[in-house]
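In what follows, a structure is listed as C-alpha coordinates, so that the remarks can point back to it.
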Amino acid sequence: MAQAFKLVDPVLKHVMTVHAEYGSAQLVGTTGKGTRRIHPILGGTFEIHAVSGGTFETVAMEGLVLGGGDWQTLHGDSLSLLDARITLQTADGNYLYVQASGRRFAPPDVLKRLVSGELVQRKEYYGVSSTLIETAAPGLEWMNYHQFLGNARTDKTLHHIRYFAVDYEA
(Lines give C-alpha, C1' and ligand atoms only; values in the text may rest on other atoms or scores of the structure.)
Protein backbone atom coordinates (compact mmCIF):
# COMPACT_ATOMS: atom_id res chain seq x y z
CA MET A 1 0.00 0.00 0.00
CA ALA A 2 1.31 3.44 -0.92
CA GLN A 3 2.24 5.75 1.91
CA ALA A 4 -0.08 8.75 2.21
CA PHE A 5 1.40 12.21 1.97
CA LYS A 6 0.03 15.67 2.38
CA LEU A 7 0.60 18.50 -0.06
CA VAL A 8 1.90 21.59 1.70
CA ASP A 9 0.74 25.05 0.70
CA PRO A 10 3.45 27.64 0.05
CA VAL A 11 3.76 30.87 1.99
CA LEU A 12 5.06 34.26 0.86
CA LYS A 13 7.87 35.94 2.81
CA HIS A 14 8.69 39.60 2.23
CA VAL A 15 12.46 39.52 1.67
CA MET A 16 13.44 42.61 -0.32
CA THR A 17 12.25 46.11 -1.21
CA VAL A 18 13.66 48.04 -4.18
CA HIS A 19 13.22 51.79 -4.73
CA ALA A 20 14.15 52.27 -8.40
CA GLU A 21 14.37 55.63 -10.12
CA TYR A 22 12.75 55.48 -13.56
CA GLY A 23 13.66 57.65 -16.51
CA SER A 24 11.20 58.95 -19.07
CA ALA A 25 9.45 56.31 -21.16
CA GLN A 26 10.97 55.68 -24.58
CA LEU A 27 8.05 54.96 -26.90
CA VAL A 28 9.03 52.47 -29.61
CA GLY A 29 5.52 52.57 -31.03
CA THR A 30 2.91 50.12 -32.20
CA THR A 31 4.47 46.95 -33.55
CA GLY A 32 2.95 43.63 -34.58
CA LYS A 33 2.98 42.58 -30.92
CA GLY A 34 1.43 45.68 -29.35
CA THR A 35 2.66 49.11 -28.32
CA ARG A 36 6.21 48.90 -27.01
CA ARG A 37 7.77 51.28 -24.54
CA ILE A 38 10.95 51.13 -22.50
CA HIS A 39 11.51 52.64 -19.08
CA PRO A 40 15.21 53.01 -18.23
CA ILE A 41 16.02 52.29 -14.59
CA LEU A 42 18.56 54.92 -13.57
CA GLY A 43 19.43 54.11 -9.96
CA GLY A 44 18.00 53.84 -6.48
CA THR A 45 18.37 51.80 -3.31
CA PHE A 46 17.26 48.44 -1.93
CA GLU A 47 16.95 46.62 1.38
CA ILE A 48 17.05 42.87 2.04
CA HIS A 49 15.14 42.06 5.21
CA ALA A 50 16.32 39.60 7.88
CA VAL A 51 14.22 36.45 7.53
CA SER A 52 14.53 33.00 9.13
CA GLY A 53 12.50 29.83 9.12
CA GLY A 54 11.28 27.75 6.24
CA THR A 55 13.87 26.73 3.65
CA PHE A 56 16.27 29.68 4.00
CA GLU A 57 17.70 32.26 6.36
CA THR A 58 19.08 35.66 5.47
CA VAL A 59 20.49 38.69 7.25
CA ALA A 60 19.46 42.29 6.64
CA MET A 61 21.55 44.24 4.15
CA GLU A 62 21.20 47.16 1.79
CA GLY A 63 22.67 48.51 -1.38
CA LEU A 64 22.26 50.43 -4.60
CA VAL A 65 20.25 49.96 -7.78
CA LEU A 66 22.89 50.33 -10.50
CA GLY A 67 20.50 50.38 -13.45
CA GLY A 68 18.39 48.32 -15.78
CA GLY A 69 15.24 48.63 -17.80
CA ASP A 70 11.57 47.75 -17.93
CA TRP A 71 10.48 46.72 -21.43
CA GLN A 72 6.70 46.94 -21.63
CA THR A 73 4.21 45.82 -24.24
CA LEU A 74 0.77 47.39 -24.08
CA HIS A 75 -2.00 45.18 -25.50
CA GLY A 76 -5.17 47.02 -26.34
CA ASP A 77 -6.34 49.47 -23.74
CA SER A 78 -6.21 47.30 -20.59
CA LEU A 79 -3.23 44.93 -20.45
CA SER A 80 0.51 45.58 -20.09
CA LEU A 81 3.14 42.84 -20.19
CA LEU A 82 6.29 43.69 -18.24
CA ASP A 83 9.86 42.45 -18.70
CA ALA A 84 12.27 44.13 -16.25
CA ARG A 85 15.97 43.53 -15.62
CA ILE A 86 17.71 45.26 -12.72
CA THR A 87 21.31 45.16 -11.47
CA LEU A 88 21.75 45.63 -7.71
CA GLN A 89 24.97 46.01 -5.71
CA THR A 90 25.16 45.29 -1.99
CA ALA A 91 27.00 47.68 0.34
CA ASP A 92 29.90 45.19 0.44
CA GLY A 93 30.25 45.12 -3.36
CA ASN A 94 28.35 41.97 -4.43
CA TYR A 95 25.94 42.00 -7.36
CA LEU A 96 22.40 40.70 -7.76
CA TYR A 97 20.71 40.19 -11.12
CA VAL A 98 16.92 40.56 -10.94
CA GLN A 99 14.73 39.42 -13.83
CA ALA A 100 10.98 40.01 -13.57
CA SER A 101 8.20 39.07 -15.95
CA GLY A 102 4.71 40.22 -15.15
CA ARG A 103 1.43 41.70 -16.16
CA ARG A 104 -0.72 44.61 -15.20
CA PHE A 105 -4.43 44.77 -15.98
CA ALA A 106 -6.58 47.85 -15.51
CA PRO A 107 -9.72 49.31 -17.04
CA PRO A 108 -8.80 51.71 -19.88
CA ASP A 109 -9.31 54.91 -17.85
CA VAL A 110 -7.19 53.56 -14.96
CA LEU A 111 -4.43 52.35 -17.30
CA LYS A 112 -4.33 55.79 -18.94
CA ARG A 113 -3.85 57.36 -15.49
CA LEU A 114 -1.12 54.82 -14.59
CA VAL A 115 0.76 55.41 -17.85
CA SER A 116 0.64 59.18 -17.30
CA GLY A 117 2.28 58.74 -13.87
CA GLU A 118 -0.80 59.51 -11.79
CA LEU A 119 -1.04 57.79 -8.40
CA VAL A 120 -3.78 55.16 -8.65
CA GLN A 121 -5.27 53.18 -5.78
CA ARG A 122 -4.10 49.55 -5.71
CA LYS A 123 -7.66 48.21 -5.69
CA GLU A 124 -8.24 49.81 -9.11
CA TYR A 125 -5.91 47.46 -11.00
CA TYR A 126 -4.10 44.12 -10.87
CA GLY A 127 -0.35 43.69 -11.25
CA VAL A 128 2.26 41.14 -10.24
CA SER A 129 5.59 39.81 -11.49
CA SER A 130 7.23 36.41 -11.38
CA THR A 131 10.84 37.12 -10.50
CA LEU A 132 14.16 35.26 -10.53
CA ILE A 133 17.27 36.49 -8.73
CA GLU A 134 20.84 35.38 -9.36
CA THR A 135 23.83 36.21 -7.14
CA ALA A 136 27.13 34.90 -5.84
CA ALA A 137 26.87 37.11 -2.74
CA PRO A 138 27.84 35.27 0.46
CA GLY A 139 24.75 34.50 2.51
CA LEU A 140 22.36 35.12 -0.39
CA GLU A 141 22.98 31.94 -2.40
CA TRP A 142 19.50 30.72 -1.44
CA MET A 143 18.08 33.39 -3.79
CA ASN A 144 19.38 31.40 -6.78
CA TYR A 145 17.00 28.54 -5.89
CA HIS A 146 13.80 30.34 -4.95
CA GLN A 147 10.95 31.88 -6.90
CA PHE A 148 9.84 35.41 -6.05
CA LEU A 149 6.69 37.44 -6.62
CA GLY A 150 6.97 41.17 -7.10
CA ASN A 151 4.38 43.74 -6.13
CA ALA A 152 5.01 47.36 -7.11
CA ARG A 153 3.75 50.90 -6.75
CA THR A 154 5.00 53.84 -8.79
CA ASP A 155 4.95 57.50 -7.82
CA LYS A 156 6.10 59.82 -10.60
CA THR A 157 9.76 58.71 -10.98
CA LEU A 158 10.21 56.13 -8.18
CA HIS A 159 9.13 52.52 -8.56
CA HIS A 160 8.75 50.79 -5.17
CA ILE A 161 8.89 47.00 -5.59
CA ARG A 162 8.38 44.51 -2.78
CA TYR A 163 9.68 41.00 -3.48
CA PHE A 164 8.27 37.96 -1.72
CA ALA A 165 10.00 34.56 -1.66
CA VAL A 166 7.70 31.61 -2.28
CA ASP A 167 8.63 29.29 0.59
CA TYR A 168 7.36 26.54 2.89
CA GLU A 169 7.14 26.59 6.66
CA ALA A 170 9.77 24.57 8.52
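The values are calculated or read from the model by the stated rules, or taken from the named source; none is laboratory data. Bear in mind the structure is a predicted one, so any value in this text is a computation, not a measurement. No Cβ is skipped: glycine too gets one built from the backbone with ideal geometry, and neighbour counts run over all protein chains shown. SASA here: full protein model, heavy atoms, side chains in, ligands and nucleic acids out. Shrake-Rupley method; radii C 1.70, N 1.55, O 1.52, S 1.80 Å.
Express in Å², to the nearest 10, the accessible area of HIS39 obtained by rolling a 1.4 Å probe over the protein heavy atoms while all chains stay in place.
For HIS39, the solvent-accessible surface is approximately 30 Å².
Scan the chain and report its longest stretch carrying no GluC sites (Glu not before Pro) that are both in a DSSP loop and have at most 14 other Cβ atoms within 10 Å.
58-117
If DNA, RNA and ligands are ignored and the probe is 1.4 Å, what is the ranking of TYR163, TYR168, TYR95 by accessible area, most exposed first?
Sorted descending by solvent-accessible area, the residues read TYR95, TYR168, TYR163.
What's the FRET efficiency of ASP9 with LEU42 using the Cβ-Cβ distance as r and R₀ = 30 Å, to the nearest 0.05?
Working from the Cβ atoms, E equals 0.20.
What number, in percent, do you get for the relative contact order of the stretch 1-65 if the mean sequence gap of Cα pairs under 8 Å and at least 6 apart is divided by its residue count?
Here the relative contact order equals 29 percent.
Between ALA170 and LEU149, with labels modelled 7 Å along Cα→Cβ, what's the label distance in nm to one decimal, could you check?
Inter-label distance under the simple model: 2.4 nm.
Can you give the accessible area of LEU119 in Å² (nearest 10), computed on protein heavy atoms with a 1.4 Å probe?
100
May I ask you to list the chymotrypsin sites (Phe, Trp or Tyr not before Pro) in the stretch 1-71 that are in a DSSP loop and have at most 13 other Cβ atoms within 10 Å of their Cβ? Intermediate results must be reported in sequence, preceding the final value.
Values: sites: PHE5, TYR22, PHE46, PHE56, TRP71; in loops: PHE5, PHE56.
Sites meeting the loop and neighbour criteria: PHE5.
With just the Cα atoms defining each centre, how far is the stretch 93-142 from the stretch 1-72? Give it in Å.
What the calculation gives is 6 Å, centre to centre.
Looking at the chain as a GNM with Cα springs under 10 Å, which of ALA20, ALA91, ALA106 has the largest mean-square fluctuation?
Maximum fluctuation in the GNM of the chain, among the listed residues, is at ALA91.
Dipole magnitude of the stretch 107-170 about its Cα centre, charges +1 at Lys/Arg Cβ and -1 at Asp/Glu Cβ only, in debye to the nearest 20?
Numbers: 7 positive and 8 negative charges, 80 e Å.
About 380 debye.
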